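Comments concern the structure below.
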Amino acid sequence: QSEEKERYYQQLGDFFALVDTESHKMVGVFAANLSDWSTYYVRSCNILPESQGKRLYQQFLVRLIEVLKPAGVQRLEIDVSPANFTHIHVLNKMQFNVTAFQTSERWGAMLRFTRFLSHNHEAVFLEKFCHGVKPQIQKGET
């Protein structure tokens, strides 16, 4: 099975090294892949403890969105444990929406967060599944 996993990641996985611009040392790694033609899925992100709290993750996501959006990707998805309050806070601030909840014997409970890169897709989601105030919609946007 490990040969199949290795081949899968070699052919379909995207891996990014997060490098400290001052020391030029790798301080984190980010793995992702396309889920389908319109969805990019973040598999994992790990940052060394001494480099956490420097907004590397947020900066990387902003840059990733800048690249994915013009390429026609319509959503960025990330699964997070409901107990990971820091990660949830970051994704909320970056206007990700909780779009699913799942449980498994392997990972336990997980929340699926989606950042819509298309205002139309986000508007449809918000209209169908969210009630009340929708802070994701910026003033003047529809």
Using just the helices of the chain, give the 222 nm mean residue ellipticity in deg cm²/dmol: DSSP H runs with n ≥ 4 each add -39,500 (n - 2.57), and the total is spread over all residues, rounded to 500.
-9500 deg cm²/dmol
Each residue of segment 25-31 in turn: what ³J(HN,Hα) in whole Hz from Karplus with 6.51, -1.76, 1.60 and θ = phi - 60°, glycine and Pro shown as x?
9, 6, 10, x, 9, 9, 10
Helix 56-68 sits off the longest principal axis of the Cα atoms of the chain, rounded to the nearest 10 on a 0 to 90 degree scale, by 70 degrees
Pick from 58, 74, 102 the residue whose mean-square fluctuation is largest in a GNM of the chain, springs joining Cα atoms under 10 Å.
102
Most mobile of 122, 105, 50 in a GNM of the chain (Cα contacts under 10 Å)
105
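So how much slack lies between residue 16 and residue 106, counting 0.36 nm per residue of separation and subtracting their Cα-Cα distance, in nm?
29.9 nm
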³J(HN,Hα), Karplus 6.51/-1.76/1.60, whole Hz, each residue of segment 93-99, x for Gly, Pro:
5, 8, 6, 7, 10, 6, 10
Extension gain residue 128-residue 48, at 0.36 nm per residue separation less the Cα-Cα distance, in nm?
24.8 nm
The chain - charge dipole about Cα centre, Lys and Arg +1 at Cβ, Asp and Glu -1, debye rounded to 20
400 debye
Of the residues 34, 70, 13, the Cα lying farthest along the dipole of the chain towards its positive end, which is defined by charges on the beta carbon of Lys, Arg, Asp and Glu, belongs to 70
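Can you pull out the chymotrypsin sites (Phe, Trp or Tyr not before Pro) in segment 15-45 whose DSSP state is coil and whose Cβ has at most 15 other Cβ atoms within 10 Å? Numbers along the way, then the final one.
On the way: sites: 15, 16, 30, 37, 40, 41; in loops: 37.
The qualifying sites are 37.
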Selection of trypsin sites (Lys or Arg not before Pro), segment 14-76, meeting DSSP coil and at most 14 other Cβ within 10 Å:
25, 54, 55
Please list, in order along segment 108-119, the HN-Hα scalar couplings obtained from phi with the Karplus expression 6.51 cos²θ - 1.76 cosθ + 1.60 (θ = phi - 60°), rounded to whole Hz, x for Gly and Pro.
x, 7, 9, 9, 9, 9, 10, 9, 7, 9, 10, 4
Pull up all non-local amide H partners of residue 34: gap of 5 or more, or a different chain, and H-to-H distance under 5 Å with H placed in the peptide plane.
41
Apportionment of accessible area to carbon and sulfur, the chain, percent (1.4 Å)
54 percent
Over segment 1-113, what is the relative contact order in whole percent, taking alpha-carbon pairs under 8 Å and six or more residues apart?
17 percent
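The values are calculated or read from the model by the stated rules, or taken from the named source; none is laboratory data. Owing to the predicted nature of the structure, the values given are computational and were not obtained by experimental measurement. Positions of Cβ are generated from backbone atoms using ideal geometry, with glycine treated the same way; all protein chains shown enter the neighbour counts. Heavy atoms of the whole protein, side chains included, go into the accessibility calculation; ligands, DNA and RNA do not. Shrake-Rupley method; radii C 1.70, N 1.55, O 1.52, S 1.80 Å.
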